[in-house]
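Here is the structure we will look at.
The values are calculated or read from the model by the stated rules, or taken from the named source; none is laboratory data. Because the structure is predicted, anything quoted here is derived from the model rather than measured. Here the Cβ positions follow ideal geometry from the backbone for every residue, glycine too, while neighbour counts run over all protein chains shown. SASA here: full protein model, heavy atoms, side chains in, ligands and nucleic acids out. Shrake-Rupley method; radii C 1.70, N 1.55, O 1.52, S 1.80 Å.
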2 protein chains.
Amino acid sequence: MAGTDRSRDSGAVAEGDGPAIVLVGPQLGDNVGAAARAMLNCGLTDLRLVRPRDGWPNPRAWAMASGADSVLARTRTFATPAAAIADLHHVFATTARRRDMVKLTVTPSEAATEIRRRAARGERCGVLFGPERIGLTNDEVALADAVLTFPLNPAFRSLNLAQAVLLIAWEWYRAEDRAPSRVVVVPSDQRQATREELLALFDHLERELDGHGFFKVAELRPTLVRNLRNVLHRAQLTDREVRTLHGVITSLAERRKGGS
Amino acid sequence: MAGTDRSRDSGAVAEGDGPAIVLVGPQLGDNVGAAARAMLNCGLTDLRLVRPRDGWPNPRAWAMASGADSVLARTRTFATPAAAIADLHHVFATTARRRDMVKLTVTPSEAATEIRRRAARGERCGVLFGPERIGLTNDEVALADAVLTFPLNPAFRSLNLAQAVLLIAWEWYRAEDRAPSRVVVVPSDQRQATREELLALFDHLERELDGHGFFKVAELRPTLVRNLRNVLHRAQLTDREVRTLHGVITSLAERRKGGS
């Protein structure tokens, strides 16, 4: 339901660069499908399942994937977590609970940076997720190089499986995103107004205001003019909008003449 | 299913600081519940619904909220988007499609920063989300100060409603998060080893290796010692692990004696 403009895309997603998403013992096909959708939203395609409770392939996954069929079609199943991560160079284990282990613990954004860094030198990473509600066992966590935790509301940390996958995928995707954080999007049939067009608009407005006696106190005119110009500058008008505003000014001015 | 350790929490969430989440015409109670869960994960509590299709309250929402009942209990319904945002100072409209409008467009992280900045001076913000699949109408988008788009995979931008809410909530939450991005979490009954403890371990290891003739080429001994010490340094050992490794060295050394 949400997305971006083509002008703001960060470019094509390089196949194989992103982390493998490894769901250990997922219970609901719905969650596998929702995870696949979230992955593809962020350009991830390598989904691996270890002993999915309801078997594989699972029609509920396809129903929930909303078109991310390409991810589900290439999803592989494994008998053990060790088999699922055998070809990977660096593995993160997501956990909600604190474990009685001495383990490097990273945030999703730090993991994303690390995954990008390792991919740049040809290493592939993976992220392990445990079953809904239960999470990974300590033995499964011990398979990983580092623990990945989500800094969340301490009073309510229970994150849905697909939501957890989305946050990892999102952090990975945005780590390379070069979209400007603020931009005024202008439809293709319009363009930013030039200074000349803006100044002509200011002139038109101020001329009409002079004619209508708007500037009652002469000493205040410079300040009022500056303020009005600032408002119009801040609006970052397009060429079409400048023309529209000329029309507005003319129209208002004419109405007064007709009505007086 | 994922979370963080208490030591990494960013502190209590100040009630009322976060943006209001306004779902315009949501179709499925499930999505309202999933959105509430995602909100509370990130400390947001102000959920507003405009004409939810299946009525309100909706039992499906409670089923999907997995305990985020406090958010659902205070969720308010409104007849129009304008009524839902009447008390807010600044409003973002999430859109997937490019609209034929000249509008400031921001990323989720930029919106999050802006929301924090405005909250610091007492202004409340809100984020509008349209119905699943359809999105906001142009008139609804025009109610907002800025458009919020998600930089996502251009080939697959369709984001689930609750997933879109999560990304906004997550970006808002993390904008103030002070959790260290990398930390070795040590159980409370252990502590980082001191330099003295480490040096004693090195001594023990190197003494035994000397005794076993490990350093066959004398000139290589300094390099080998350095490499071994680097490995043990990198492991960032705790006091307990140092004791364990002393035991390992002693045990290995004894076995050789017994067997020879």
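For this structure, a couple of remarks:
- Label-point spacing at B:E219 relative to the other copies reads 9.2 nm, in ascending order, each point sitting 7 Å out from Cα along Cα→Cβ.
- Long-range HN-HN contacts of B:K103 with modeled amide H, under 5 Å: A:V185
- When the square roots of the Cα gyration tensor eigenvalues are ordered a ≥ b ≥ c, the ratio a/c for region B:2-160 is under 1.5, which makes its shape rounded.
- Loss of accessible area when A meets B, both sides summed, Å² nearest 100, probe 1.4 Å: 6800
- B:R74 accessible area, assembled protein chains, probe 1.4 Å, Å²: 100
- Distances in nm from B:W56 to the matching label points in the other copies, shortest first (labels 7 Å along Cα to Cβ): 3.9
- Position A:F202: other-copy label points at 6.9 nm, ordered by increasing distance, label point 7 Å along Cα→C-beta.
- Helix-only [θ]222 nm of chain A, DSSP H runs n ≥ 4, -39500 (n - 2.57) each, per residue, nearest 500: -13500 deg cm²/dmol
- Straight-distance crosslink candidates among aspartates and glutamates, where the alpha carbon sits under 14 Å from A:K216 and sequence neighbours closer than 8 are dropped: A:E206, A:E208
- For region B:193-260: rounded, prolate or oblate by the Cα gyration tensor [a/c cutoff 1.5]: oblate
- Most positive-pole-ward Cα, A:A84, A:A65, A:F214, against dipole of chain A from beta carbon charges: A:F214
- Within the accessible surface of the protein assembly as shown, defined with a 1.4 Å probe on protein heavy atoms only, the carbon and sulfur portion equals 53 percent.
- Amide H contacts of A:F78: A:L49, A:V50, A:R51, each under 5 Å away and 5 or more positions distant or on a separate chain (H built 1.01 Å from N in the peptide plane; Pro and chain starts excluded).
- For region A:89-128 versus region A:221-240, the inter-centroid distance based on Cα atoms is 51 Å.
- Computed over chain A, relative contact order equals 21 percent, with contacts defined as Cα pairs under 8 Å that lie 6+ residues apart.
- A:W170 - accessible surface, heavy atoms, 1.4 Å probe, Å² rounded to 10: 10
- Rolling a 1.4 Å probe across the protein heavy atoms gives the protein assembly as shown an accessible surface of 46 Å² per residue.
- Using a probe of 1.4 Å, the accessible surface attributed to B:R76 totals some 110 Å² when neighbouring protein chains are kept in position.
- Rounded if a/c under 1.5, otherwise prolate or oblate - region A:78-174, Cα gyration tensor axes: oblate
- Remark: region B:156-170, residue by residue, has Karplus-estimated 3J(HN,Hα) of 7, 9, 5, 9, 4, 4, 5, 5, 5, 4, 4, 5, 5, 4, 5 Hz, where x stands for each Gly or Pro and the curve is 6.51 cos²θ - 1.76 cosθ + 1.60 at θ = phi - 60°.
- Separation of region A:67-86 and region B:171-200, taken as the distance between their Cα centroids, equals 33 angstrom.
- Charging the Cβ of each Asp and Glu at -1 and of each Lys and Arg at +1, and nothing else, the dipole of chain B about its Cα centre rounds to 480 debye.
- Burial annotation for region A:35-83: residues with an accessible-area loss of at least 30 Å² between the isolated chain and the complete set of protein chains, computed on heavy atoms with a 1.4 Å probe, are A:R37, A:L40, A:N41.
- About the centre of its Cα atoms, the protein assembly as shown shows a dipole size close to 40 debye [charges on the beta carbon of Lys, Arg (+1) and Asp, Glu (-1) only; nearest 20 debye].
- Amide H partners (placed H, <5 Å) of B:A20, local residues excluded: B:C125, B:G126, B:V127
- Heavy-atom accessible area with a 1.4 Å probe sorts A:R48, B:R97, largest first, into B:R97, A:R48.
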